[in-house]
Every structure is written in C-alpha cells, then in structure tokens.
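Reading through the structure tokens given below for one structure.
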Amino acid sequence: MADKKRRRADSDSDSASQPFKNLLKSDAQILKILKSVTSSSSSSTSKPLTLADLALSATCREVSDLSLSSVQSTIEALVLQLTHQILSGQGFSFTVPSRSSSNQLYVPELDRIVLKDKSTVRPFSHISSVRKTTITAKILSLVHQLCLKNIHVTKRDLFYTDVKLFQDQVQSDAVLDDVSCILGCTRSSLNVIAAEKGVVVGRLIFSDNGDMIDCTKMGMGGKAIPPNIDRVGDMQSDALFILLVEKDAAYIRLAEDRFYNRFPCIIVTAKGQPDVATRLFLKKMKMELKLPVLALVDSDPYGLKILSVYGCGSKNMSYDSANLTTPDIKWLGIRPSDLDKYKIPEQCRLPMTEQDIKTGKDLLEEDFVKKNPGWVEELNLMVKTKQKAEIQALSSFGFQYLSEVYLPLKLQQQDWL
Amino acid sequence: MESESPTETKKGKSKTPKKEKESILKQKSPAEFFAENKNIAGFDNPGKCLYTTVRELVENALDSAEAISELPVIEITIEEIVKSKFNSMIGLVDRERVDEELYDDYETAKAREKRLEKEARAQEIQAKNAALGKKVKEHAVSKSSKGRGEASFYRVTCRDNGRGMPHDDIPNMFGRVLSGTKYGLKQTRGKFGLGAKMALIWSKMSTGLPIEISSSMRGQNYLSFCRLDIDIHRNIPHIHLHEKRDNKDKWHGAEIQVVIEGNWTTYRSKILHYMRQMAVITPYAQFLFKFVSDAPDKNVTIKFARRTDVMPPVPVETKHHPSSVDILLIKRLIAETSKQNLMQFLQHEFVNIGKPLAERLIGEMGPEFSPKMAVKSLTDQQIVRIHQLFRQAKFDDPSGDCLSPAGEYNLRLGIIKELHPDMVATYSGSAQVFEGHPFIVEAGVSVGGKDVKQGLNIFRFANRIPLLFEQGGDVVTRTALKRISWNNYKINQTQDKIGVFVSIVSTKIPFKGTGKEYIGDDISEIASAVKSAIQQCCIQLKSKIVKKMQAREQQERKRNLSKYIPDASNAVYNVLQEMAKSHASKKKRYEEGDADILQKVSDHLITKETLYEKLTQHVEKVDYEMALEYATQTGVREEPREDIYLQSLDGKGNFFDFHSPIFVFRLFL
C-alpha cells in the first residue's frame, strides 16, 4: 500500500523540481519512526504540576471552572456587598486583579505564565475609573442573567446589549476578563463564548453535545471547534501526532491532500492568534490522547509568538493558563534554519521590518524562549539574517511540496525542537 | 576628408567646429553672469522677482537701521503701473493694433465659436441653478490667458530710517555686483552684496528704467539723490544724475525706488506672509506695507506696529576660528594682516588661539617654523602645513558672543502679537558649533490662536529673516514632523493649532541649494539643536496643558461622574431584584443583613431611585472634597504678567492734566 502511494507521488511531479525528494524514505519506514516516538512520549507523561505543588498558591492567582450556581452565588454575594457600600453612602468599588504585564510571572517548572497577586481598586467616584466600574457592574448583572436562564451567549451578543455604554467591543471583552478574575472562575464558566474560529480535521472522533463526530468524514474544511468545551467528550484517535498549523492556507492544503491518511494525524488551526476554544480543545486532546504536538508556523517572530501562546499562555489570560496551555509543543517548522537547509529561493523570503526585528529581540528576552536553547539559536539566526518567510514560501517548489516532501522529510528526520 | 578612415573623420569633424567657435575667449562680468543666472539669487520668474525685490530692500533697510541702533521704521510701497501708464512714463506712444492676426492672443474664428458656445453653456447652467434657488458664486469673467506682452509693472519703494549712505559711495553700492559692506565674518541678513543690485539688473532687463536713491546720513545737512543704472558688461554703475539736495526735516535713512516687471496676483500671499513673519521676528520694528493700484478694491495697507523697544545688540564682527579656514582664506589673511611675525599673526587673526597655544602650534608645525619668522614670507607648502594642523588640532569652540539672536523676549512678543495664541513657550539654546562657525537656535511653540490652521504651522528664520520657500526639505520642518512626538506633550499633531517657530543665527548659515531658502537636514549638529530647542518648548507647554486639563477635569468631574449613575444603579438593582424574587420564593437563604436588604427590595423600600440618590449624594460629596483639595494644593494662582508696551507720542501736543491724590490723568487735545 505504501509503495503504491509512493509510485503515485513520483508520477505526479518531477523530483528535480522538488529538491530533497530523493532523501525521502518509504512511508512505511517513516511511520515506523513516528510510532517509536509516539510510544515513548505517551509513556513519559506524568501528572502536571500545579501552583500548590510549588507552594506558589499564596503569591499567584489562578481561576478554576465553577458551576453555574456557584458563579451565580458569587455574583450575588458581590452585589450585596456593593449594595451595603452604596447604602452607607460610600459609593462602591471593585477590587480587580491586575492583568498588567508587571503582574505576570513565567514559572519554568510549570512552563507557563501565571498571574501574581497584585490587585487594583476600581472606585466609582473617580474620574479615571468611573467608566470601567460602571461597565463592570453592567457585565456582572448580564452574567447573572445568563446564570438564571442557563444559556450561552457570544461576546458579541454581550456587547450589543448596551452599545452606548460599551462603545467598543474591545472594552466589554476586557471587562469580561476582569470579571472572570474577580469571580475567580474561567471565562467559559461565565457562559460567554467567542465565535467559532478554530477548525480540526483528521483521525479524531469525539462527541459534540452528544453527537458523534468523525473528523475524517467532515469534508475538506474539517469540523469547527465547538466554542463550548463542556460539550466535547469521548475523544478517540489512532493518530500518531497532532499537527498544529498557524495559517488557514497551509491547513487547507493539508486537508485537501488528506495528509492525515498518509501519516495518521490530527490537524488543527486557529487561523492566526488562537482563541480560547481552540486552546482548550488542543489541551483536551493532548491530555486525553497523549500525542506529541508538532507546530507548523511562519518563520517570523509572530509565528513563534503564536506558538508560545499555545504553549505558555497569553499575558491577557494568564489567570487561566492552567486550563489553556498545552505543554511540550514541538517547533517543527518553518524554522529560520530551514530557509537555507531547504534552499528556499531568495524571492520567497521577505526582509524583516524594524518592528519585526524589535519583536524578535523582545522575544529573546522572554523566559519561555530562553528555556529552550534550540529556540534561542533559531531566533538569533532570524534576527541576524533579518529574513522571514511564510509557510507559503514552500509553494515555490509546487503547491504540494509542503505535504509531499517538506513535512514527510521533517517527520522522517524527527527535525523538531 | 571623406576618404579617410572613420576614426579620423570623427576626430577631424569634432575639431573643426570647436576651433571655429571657441577660438574667441570671452569674459563675463559678474553682473552679466547674474543677469543670465538670475534664478541663483531668487529671481526666477516675474512673481518671484517682485517678492525677492521686496525682501532684499526690507532686509537692507533693517540692517541699516540696526547698524546705528535705531528702532527701524520701514515703509514699503508697491505701486501697480498699467501698460499705458508705463508707456507714457518711458515716453512711448500707445499704438493701436493694426494687424490683429499678428498677435499671439488673436482669436481665430474657430476659437471664437468655441468660446461663445462654452459661455452660452455656462450661462445656461447658471440660469438653471438660479431657477433652483441655488446660491451661485459670481461667474468670473473668463480671463484671457496672459500673453507675454501683457506684463504688469510695479514701482517698489522702500524707505527706512537707517544709517543712510555716504554721498560718494552710492553709485558703487548699487551699480557694482558683488561689492558690499557685509563681507566680514559677522551675522548679517545679507551676505553677498547681491540683493539690491539684482533688483536693479532685473529692472534693467524688464523695464529698462533706472533706480532712484535718496539718502542722508545722521547729522548731514544735505540729501543725496542719485539716479543710476548698471553697465552690465563692465559691471560698473552708469550714473544719470547724482546731486545733493536740501534736507529740510533732518531725515536720515534711505529711500530706494525701482520699477520692475512682476506678478502681484500670484505672489500676493507670499509677500504678505513674508511681511507678517518679518514682523514676528522683529517686533521692535514698525512696518507699513502698501499696495496701490488703479482698482481701489485690490489695494492693501497693513501696518505692523512696534511692540517693544528692546532691540537685540548689534552683532559684532569676529575673527575666524582656526578649524573653519581654508588655504585660500589663510593666504588672504596673511596678505591683509598688519602683524609682522607668525606668532602675532596666529594670536591676532584667529579666535581661541592664545599665546601658549600659538607657541605649541608653531612647535608642532616643524623645525622650519619659528615664532619670529615673517608671516609674509611663508611658502605655499608651509601654508598647507598650517592648514593641515588647523584641521587636526583641538581648539576651544568659538563663543556665541558675536551672535545676535532675536532673543526669547522678542520671539515671544512677536508670536503673541501676530498669532494671538492661547499658549506660548520659547526657548533659547546655548551657542553651538558647526565647522568652526558658532550658531544659536531659538525656538517658540504656540498652541491655538487666530488665523492659524490646524496641525503644524512652521515658521523658519535664519539670521532673523523668514524663510518661505523649500519648506519640505528644511531641517526645521523635518524635525517638527518626524522627530517630535507631540503626543508625549499632550499636543494633538493633527487637531491642535500648533505654531512652531525656529530661528537660527550664525556667522555662516549653511544654506542648501543656490537661493537662501532652506537649511538642509543633513547637518546633525543643527538637527539635534533644533530638536532639543523644540522639545524644551514642549516641556514648558506640557505642564501648562496638564494644568489646564486638570482645571477642566475639576469643572467637569461632577458631570462626568453623574453621567454613569443611572447605568450603575440599574445594573446593581437588576441583580438585587432577581435575588429578592428567589428570596421571596425561599429558593435561597441569605444571612441576616443581606436578607434584610432583599426584603426591603421586595417591599419597594429600596428601589432603583434609592441607589440613584445615594450615589448622587456620594458623588457630590466626593466632588466637594476633591475641589477643596485641588484648591488648597494649587492655591490662588496668577497668570504670569507681561509688560505692555506703550508707544511714545511724538510731538508735544496740548494737554490738560487732571490731578488726583494718587494719579494724574493727562488728556491730549
């Protein structure tokens, strides 16, 4: 079977125009390599550390999933407290955990960003905070309604309940994260979801709200990742790895070529910066299926940044990093060293802008990059050569070079960091 | 020749015409050169010529008045002369056109048809618009394109109260290009001895009329009158009339009158801008600008009144800084010096070389040099050696004492007077050095004002003259646009009316290009001095702006806080109401204090209005407390006072004095 496939691939394209093709071993051999990797990785997984294990729970803040009724009673307790304050003529104020970057801490043992314990007081009677305080009160009352009615709404819905007050969805979204922190629950527990963004395709079967979904039979586009992770369960898979793709274009290429049939895998993308649902979904897959996660991102600072958001969490939502981060993601490509290794032609590389270089240098200062010497080396190379390239740069060798040569070769050589 | 090989033919051919044409070696007088390349001096087209003429005359007048420390009073008049009047002036009879088709503006039958058609259409549209009740602007009478024959002529007169000129020097001062009194190393407006002469050359080229000069010096009992033009080929004055007249009212100064071709319509705004900016940088001068024509509605009269009698000191002539001289200049200095030996020459002809340094320098030059050697006997090689040493040795920077900046006071006054801004800050930098020439950068930044457009309005001055052209490449424009982050100073670059004034004075302004129009952006010393001067102004403004914003915040605090009371009380009350419901239906149990509140909510004892009132009371209390705190912190502040300038009255009129115990009120009749 593998031979047959190989012959077909050969007849499709000329090996001269697709460099390194001759280095490829047969699919069966590659599969064998992959299987050995997968089995060793799944056996080595242990129970993840928590803040309590490191005796950091006093100085760091973390939220947890709360049931609807406990969210409701937390809100009610808070509102009663506010009412007491108002009736005593003192106005009212919220104590909001600070989400500024100075209040973030990267914990190497956990390999993720957590929130420290600094808080700011948000009083109503101050000109600089009156707006945010009012919006916070409004969001609290809206979430309270959601709890009573037991329904889910999107962030956009929430914004449209009072456009005049919120002015801009960015503001209501930011306060929503504040409310999560105040109540000490995850954002999903507030019954507020974001619109679907991520998609998944490949060797995965799971139940969505009771319906069984087979991701190999979802057509070319794959299955949209459900915004509400509570609905997802019963994950089964015979995949050997999870392939995380930054860009939609590369995802479509792999999905159409049915890459997951040649090498059993699950392909996921969030089309750029990952949303909460995709991150939760990836985490769940990793935890339940115990598969290695390989990332295919652009060779630029933003590619690595996206990778780090999956791996260590974003600063904006560090309060929930325990649920949102997927440990041990490997950087498969496109890495700065690949540009020369795979002889990507000059015309497909782009010069980095001043901003790019600055972002790259800033990344070098980040702890989550420093902990991985391989990444530091690659990033140094990028900043030094001042060149970047997108995944699509590989299309210069033919549109299917990515799925037929580059990825198989990478897998065969176990070339990930 | 044709039978010869091609290479030789080429050679031969190229040689023959060369020999024929270039065998006569021609020489050009400086006047001829500038007549042919008048754009170098800013005489590009008739409009610009009019502008430059005005500019040169005004600047000469200012220099002249300042030279004798007299507060300048300058009158400049531009009189339009129509063609018929011009012709009668020069004694040319107006002739009717006989052969109409000969002229460039002759309208052929076809063109006429086209024009009539177009006019008819325009009228139709106008009638339609009028019928619809639309407001139409008066349709301008279609201007016939100005042919070259339709030139307009102007008589430009400039009268000042300056030093005047010695009777015998007048012809040479106007009739000889590149002769002047301002060649020394000194901060002056003019530099090359070109301005007034270029105006004369232009008048000779365009109208053929001579220039007329009246002048008298202080204490002189006669008035010199001179009518002259210039012999361009020989670069010498050609005197028509040169006589002494009575000086009845003891006037001193100069009045220069020249008739030139120009274009008032297109350069009107430039000329007025120039006068306005000149008034900004020289608030101690009084300008009267008049434009006179046959059409009274086009006439302009603007008086820029004097606002101060504090004048910057007269710039003093200084000696050269050793690092700024070249070989030619050293040779000239040697030729001109009165000192005998090398030691004295170094000490006296340069700044910043004292006796010990001169000794060390001579020691360093080599064994063939000695302090006592005659300076005039230096060989060419030895001079090169001196030049090289000057380049490499370290000297103290020249001081800025020889410069005469406008001064913060004058700059500030000028800005306030002409722009009436809401806020203004000025800064005067210390002297810095570029290639051995000291320079001082002064800056002013204003916010708001009348007749100021939104965004950045940039005013540039070099040696106290406004620069109007080539704004895009100038160091000031670029710095203000690109290198100042206005946001940091709470200034909105696009919304606020910002005035940026930068005045640079130096013994040598490094102008870019041929005209004295702009200073390049490539001199890092000047660029950084400009940047820091503007920043210093912005820092001063920032504290003012922040205070203003705080004051505004004080006033609007209550309103801004109260605005949110309904939303906040609604949000809290909605949750309370839901809780009260479940409390009433005994779904949930609450602690005593809380249960009490929920009960009151159910009984309508606590309503939305209760919360609203409580919050309103709280806001009022907070507002009162904050206002009190603000008042105690800031105290009673007074705006800085500014001196007002009262113009002195001339003449001793009749007056009455009304006496009171504390003051005298004087009424002039």
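Taking the square root of 5 times each eigenvalue of the Cα gyration tensor, what semi-axes in Å does the equivalent ellipsoid of chain B have, largest first?
Working: eigenvalues 773, 334, 209 Å².
Largest first, chain B gives 62, 41, 32 Å.
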- What share of the DSSP beta bridges in the protein assembly as shown is antiparallel, in percent to the nearest 5? 75 percent
- Query: Radius of gyration and Dmax for region A:299-417's Cα atoms, expressed in Å?
  - Reply: 14.9, 44
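How big is the dipole moment of region B:327-392 about its Cα centre under a simple scheme where the beta carbon of each Lys and Arg is +1, that of each Asp and Glu is -1, and everything else is neutral? Debye, nearest 20, please.
Dipole magnitude for region B:327-392 comes out near 80 debye.
Can you classify region B:327-392 as rounded, prolate or oblate using the Cα gyration tensor, where a ≥ b ≥ c are the square roots of its eigenvalues, rounded means a/c under 1.5, and otherwise it's prolate if a/b beats b/c and oblate if not?
Because its axes are fairly even, with a/c under 1.5, region B:327-392 counts as rounded.
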- Applying the gyration tensor rule to the Cα atoms of region A:60-193 (axes a ≥ b ≥ c; rounded if a/c under 1.5, else prolate if a/b exceeds b/c, else oblate), the class is rounded
- Any residues in region A:96-133 that have 10 Å² or more less accessible area with all protein chains than in their chain alone, probe 1.4 Å, and which are they? A:Phe124, A:Ser125, A:His126, A:Ile127, A:Val130, A:Arg131
- Query: Share of antiparallel DSSP beta bridges in chain A, in percent to the nearest 5?
  - Reply: 65 percent
- Averaged per residue, the 1.4 Å probe accessible area of chain A, protein heavy atoms only, in Å², is roughly 42 Å²
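Nearest 100 Å² is fine: what is the total accessible surface buried where chains B and A meet, probe 1.4 Å? Each step should come with its number before you reach the end.
Numbers: alone 39750 and 18740 Å², together 55850 Å².
Buried area between the two chains comes out at roughly 2600 Å².
What translational diffusion coefficient, in µm²/s and rounded to a whole number, does the Stokes-Einstein relation yield for the protein assembly as shown at 4 °C and a viscosity of 1.567 mPa s, taking the hydrodynamic radius as the Kirkwood radius over Cα pairs? Please list the in-between numbers first.
Values: Rh = 38.9 Å.
Calculated translational D: 33 µm²/s.
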- Task: Give me a single rounded figure for A:76-89: the average over its residues of other chain Cβ atoms within 10 Å of their Cβ.
- Result: 6
- Item | Rounded to 10°, Cα long-axis angle of helix A:130-149 versus longest principal axis of chain A | 80 degrees
- Message: For a quick size check, give me the Cα extents of region A:196-413 along its three principal axes, largest first, whole Å.
- Response: 52, 42, 27
- Message: Nearest 10 degrees is fine. How inclined is helix A:373-385 to the longest principal axis of chain A, computing both from alpha carbons?
- Response: 80 degrees
- Note on the structure: Measuring from its Cα centre, the protein assembly as shown shows a charge dipole (+1 at each Lys and Arg Cβ, -1 at each Asp and Glu Cβ) which, in debye to the nearest 20, is 760 debye
- From highest to lowest solvent-accessible area (probe 1.4 Å; ligands, DNA and RNA excluded), B:Tyr489, B:Tyr222 read B:Tyr222, B:Tyr489
- Message: How large a share of the accessible area of region A:307-351, in percent, is made up of carbon and sulfur atoms when the probe is 1.4 Å and the other protein chains stay in place?
- Response: 55 percent
- Message: Restricting to DSSP H runs of at least four residues, report the calculated mean residue ellipticity at 222 nm for the protein assembly as shown, -39500 (n - 2.57) per run over all residues, nearest 500 deg cm²/dmol.
- Response: -13000 deg cm²/dmol
- Item | Point-to-point label distance, B:Lys331-A:Leu54, nm (Cα→Cβ direction, 7 Å offset) | 7.9 nm
- For region B:553-588, residues shielded by at least 40 square angstrom of accessible area compared with the chain on its own, probe 1.4 Å: B:Leu561, B:Tyr564, B:Asp567, B:Ala568, B:Ala571, B:Val572, B:Val575, B:Glu578, B:Met579, B:Lys588
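Rounded to two decimals, what is Rg over Rh for region A:235-285 when you use alpha-carbon atoms and the Kirkwood radius? Could you put the intermediate results ahead of the total?
Details: Rg = 11.1 Å, Rh = 11.5 Å.
For region A:235-285, the value is 0.97.
With respect to the cross-link table entries B:Lys482/B:Lys544; A:Lys283/A:Lys384; B:Lys417/B:Lys512; B:Lys417/B:Lys542; B:Lys28/B:Lys204; B:Lys270/B:Lys453, which display a Cα-Cα separation exceeding 28 Å?
Numbers: B:Lys482/B:Lys544 24 Å; A:Lys283/A:Lys384 34 Å; B:Lys417/B:Lys512 31 Å; B:Lys417/B:Lys542 22 Å; B:Lys28/B:Lys204 18 Å; B:Lys270/B:Lys453 16 Å.
Over 28 Å Cα-Cα: A:Lys283/A:Lys384; B:Lys417/B:Lys512.
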- Message: Looking at chain A as a GNM with Cα springs under 10 Å, which of A:Lys247, A:Lys358, A:Lys271 has the largest mean-square fluctuation?
- Response: A:Lys358
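Per residue, how big is the convex hull of region B:297-350 when only Cα atoms are used? Give it in Å³.
Working: hull volume 11.2 nm³, N = 54.
Cα convex hull per residue, to the nearest whole number: 208 Å³.
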- Query: For the charge dipole of the protein assembly as shown, defined by +1 on Lys and Arg C-beta atoms and -1 on Asp and Glu C-beta atoms about the Cα centroid, which residue among A:Pro97, B:His583, B:Ala571 has the Cα displaced farthest towards the positive pole?
  - Reply: A:Pro97
- Message: Starting from the 7 Å offset along Cα-to-Cβ, what nm value, one decimal, do you get for the label separation of A:Lys290 and B:Leu288?
- Response: 10.3 nm
- Query: To the nearest 10 degrees, how steep is helix B:6-22 against the longest Cα principal axis of chain B, on a 0 to 90 scale?
  - Reply: 80 degrees
- Message: Quick one: 3J(HN,Hα) in Hz for region A:321-336, Karplus 6.51/-1.76/1.60 with θ = phi - 60°, rounded, Gly and Pro as x.
- Response: 5, 4, 8, 9, 9, 10, x, 6, 8, 9, 8, 7, x, 7, 9, x
- Task: Could you rank B:Met89, A:Met285 by how accessible they are, 1.4 Å probe, largest area first?
- Result: B:Met89, A:Met285
- Task: State, as an integer percentage, the relative contact order of region B:416-628 based on alpha-carbon contacts under 8 Å between residues 6 or more apart.
- Result: 20 percent
- Nearest-0.05 FRET efficiency for B:Thr379 and B:Lys28 at R0 = 25 Å, using Cβ-Cβ distance, is 0.15
- Note on the structure: Label model pair B:Leu241, A:Leu68: point-to-point distance (7 angstrom along the Cα→beta-carbon line) in nm is 10.8 nm
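Please give the direction-averaged projected area of the C-alpha convex hull for chain A, in square nanometres with one decimal. Walk me through the numbers before you get to the answer.
Working: hull surface 88.9 nm².
Result: a mean projected hull area of 22.2 nm².
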- Message: How large is the Rg to Rh ratio of region B:416-628 when both quantities use alpha carbon positions and Rh follows Kirkwood?
- Response: 1.36
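How many Å² of accessible area per residue for chain B, probe 1.4 Å? Provide the component values of the computation, followed by the final result.
On the way: 38450 Å² over 669 residues.
Using a 1.4 Å probe on heavy atoms only, each residue of chain B averages 57 Å².
Arrange the residues B:Ile386, B:Ile90 by how much accessible surface each exposes, largest first, with a 1.4 angstrom probe. Each step should come with its number before you reach the end.
Values: B:Ile386 0, B:Ile90 75 Å².
From most exposed to least exposed: B:Ile90, B:Ile386.
Report the relative contact order of chain A, percent, no decimals, based on alpha-carbon pairs under 8 angstrom and at least 6 residues apart.
17 percent
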- Under a 10 Å cutoff between Cα atoms, tell me which one of A:Leu379, A:Leu350, A:Leu54 has the largest fluctuation in the Gaussian network model of chain A. A:Leu54
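The values are calculated or read from the model by the stated rules, or taken from the named source; none is laboratory data. Just so we're clear, the structure is a prediction, and the values are computed from it rather than from any experiment. Cβ sites come from the backbone with ideal geometry, for glycine too, and all protein chains shown count toward neighbours. Keep in mind that these areas ignore ligands, DNA and RNA; they rest on the heavy atoms of the full protein, side chains included. Shrake-Rupley method; radii C 1.70, N 1.55, O 1.52, S 1.80 Å.
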